[in-house]
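Step one of this worksheet: look at the structure below.
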Amino acid sequence: RFAELVDPSQLQAAGFAPGPVSVPLRTAPDLYLTPGRTLPVDLRFRAPPGPVLDLAVSRLDVSLSDIFLRAVPLRHTEPSWPIALAMRFFGIASPPIEQAWIGVPPILLSGQNELQFRFDMRPLNRGDCVAVPADVRASIEPDSSIDISGAHRFTLLPNLGFFASVGFPFTRLADLSETALVLPDDPEPEELAAAFDLVGRMAAATGLPATGITVLRASALARAEARDLLVVGTLGRNPAITQLLADGPVRLEGNRLALALPDAPGRMRELFLGGPSARERDRAAAALAAPPEGFAVLTSRESPFARSRAVVILTAPTPAGLTAMVEALADPTRSPAVQGDLAVLSGGRLQSFRAGPVFERGALPFWLWPRYYFGDQPLPLLALMLGAALLLSWPIYRVLRNRAARRLAEGSAPETRG
């Protein structure tokens, strides 16, 4: 209910063109719905009573984080004259509360969104000698609601876009109780500042303090096997970075990062399940070879300790690089550029790449598996169709062949004469 998200007094609007009524909508960005479905908003509102508005042009505009969704008329069309006459005769008035259903596409939800309602009310022209009331009021009803119970919690990781916007998957639990922050054994002030800035941004996204987070030194990494890992440190100072990147797409070679090429099974898996192209890998390798001045890397992969657990690593050759990356993540004009599983900051420019495989986080009911696995993968779907055609054609071929053999046998049998 909207009353659970905002104070009911903030759902009021005054004047013919008031500012938008905003309802914060914070949720983890791992909502999964089948294609074509939306999250329903049961919108209930009150428009000014009486013959004040020009109902032909007055409306309520609904947006999600400045993305227009729908325009709702402030009043429904009046019933035809026999029904209207009967309603007046029996003293039945139109309900004061209007209702509309709005669908919110889940792809628009980034974690920190706002539902915005803007009343656009036009006064009714009642002649030059009739004053237009100035103090008109409208409101969104507090029992309006948005229903996310029909969505499944499922997504593909790594997705640094989720991390840059709301700190997901660490913020899946608001107190970060399944998160471990891994620091060097002797962290420098810049490394601590970068780590605290990241944790503070995640706490701001959830609205609660990060009281459940576990802070570990690199030497105690084994204690965090069942957690999502946030690792911060400069190259060469945090041994956990070397250990966690050992068999990943981005590896530490000496005192620099490099891109590892996939082996033959990896290339076959990417052919059927999707993966980065050779051109994408070349661009990522060139970005990792940039000069160390002002250079920083944010990368993510599946944890080598536990399935479906994520590792996010922030590292740089110098402490200044860590500070520069944190500042870029806090900049709303630059943070949307952080995507995929590898983000490289060099010379003040952010570049993002998909360098390795993805993994699943969450669960789907079994009847959605075919749609999910074959929805955007034409090669496996084609192989499945060919296999099904072969399986079906073989018994049909055998049946038709046996029937043809019987007919031939019956046709060649000698006729009996009476």
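A few points about this structure:
- Diagonalising the gyration tensor over the Cα atoms of the stretch 121-228 and scaling each eigenvalue by 5 before taking the square root yields semi-axes of 50, 18, 12 Å, largest first.
- Theoretical gain in end-to-end length, Thr333 to Arg223 [0.36 nm per residue, Cα-Cα removed]: 35.9 nm
- Filtered GluC sites (Glu not before Pro), the stretch 183-233: DSSP coil and at most 13 other beta carbons within 10 Å: Glu225
- List Ile313, Ile213, ordered by accessible area with a 1.4 Å probe, largest first: Ile213, Ile313
- Taken over the stretch 281-374, the ratio of Cα radius of gyration to 2.2 N^0.38 Å equals 1.29.
- Distance between the 7 Å Cα→Cβ label points at Phe305 and Val57: 6.4 nm.
- Computed packing ranks the peptides 5-18, 152-165 as 152-165, 5-18, most packed first, by mean other Cβ atoms within 10 Å.
- The simple Förster model, with R0 at 51 Å and r as the Cβ-Cβ distance, assigns Tyr373 and Asp186 a FRET efficiency of 0.65.
- Peptides 388-394, 38-44 ordered by average Cβ neighbours within 10 Å, highest first: 38-44, 388-394
- Taking 7 Å steps out from each Cα toward its Cβ at Leu384 and Ala258 produces label points 4.0 nm apart.
- In this rough spin-label picture, where each label sits 7 Å from Cα along the Cβ direction, the Gln12-Thr211 distance is 3.4 nm.
- Heavy atoms of Ile146 accessible to a 1.4 Å probe, total area in Å² rounded to 10: 30
The values are calculated or read from the model by the stated rules, or taken from the named source; none is laboratory data. Only a predicted model underlies this, so the values are computations on that prediction, with no experimental measurement involved. Note: ideal-geometry Cβ built from the backbone for every residue, glycine included; neighbour counts use all protein chains shown. Heads up: the accessible areas ignore ligands, DNA and RNA and are worked out on the full protein's heavy atoms, side chains in. Shrake-Rupley method; radii C 1.70, N 1.55, O 1.52, S 1.80 Å.
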